[in-house]
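The values are calculated or read from the model by the stated rules, or taken from the named source; none is laboratory data. On a predicted model such as this, the values are computed, not experimentally measured, just so you know. Surface accessibility is based on the protein's heavy atoms, side chains included, excluding ligands, DNA and RNA. Shrake-Rupley method; radii C 1.70, N 1.55, O 1.52, S 1.80 Å.
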Amino acid sequence: MKCEVITVTDREPTQDYYCYREFLASLDRFGVAPNILGNGQKWSGLMTKPRTLEKWLKSGKERHTDCLIICDSWDLVFAVHPQEIAERWDDGERTWIAGAERNCFPDASLADKHPQSDSSYRYLNSG
């Protein structure tokens, strides 16, 4: 199974409470280079990540992998090899998995536009 790590960021954060360098180092430890989308592009709010990813997917640049791990690079590190994550996913139901939140942020008036869910974590976390 071929696995690829994708992240969307407009820049490297300078604040010390983000762990962007640690994100890169955690992947480097496993010999994995992430595909970083959006670097240097204008940030246009919370929908920037999903729109950038959609544009990339429609462009045909996706490398026909079996599993795309699309993740935040500012507050996430890999404790295991992404391939191991992909293999665990492959052993399961192979469903869409996304980070989610309980609150519709930043505009709660849009809550009714999101699909219903069996979980209280109904809103996409794509910040």
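Structure data summary
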quantity: Inverse of mean 1/r across different Cα pairs in the stretch 61-127, Kirkwood, Å; calculated: 14.3
quantity: Per-selection metrics, the stretch 1-62 (Cα): Rg and Dmax in Å; calculated: 12.8, 36
quantity: The chain, accessible area per residue, ligands and nucleic acids excluded (1.4 Å, Å²); calculated: 70
quantity: Highest-MSF residue in the chain out of D91, D66, D75 [GNM, Cα springs under 10 Å]; calculated: D91
quantity: Segment A25-M1, length gained on full extension (0.36 nm per residue, minus Cα span); calculated: 6.3 nm
quantity: Structure-based [θ]222 nm, the chain - -39500 (n - 2.57) summed over DSSP H runs of at least 4, per residue, nearest 500; calculated: -7500 deg cm²/dmol
quantity: Inter-centroid distance (Cα atoms) of the stretch 27-51 relative to the stretch 102-127, Å; calculated: 22
quantity: Kirkwood-type radius of the chain, with distances r between different C-alpha atoms, in Å; calculated: 16.1
quantity: Candidates P82, P106, P34: whichever shows maximal mean-square fluctuation once the chain is modelled as a Gaussian network with Cα springs under 10 Å; calculated: P106
quantity: Fraction of antiparallel bridges per DSSP, the chain only, in percent to nearest 5; calculated: 20
quantity: Accessible-area composition of the chain, carbon plus sulfur, in percent [1.4 Å probe]; calculated: 50
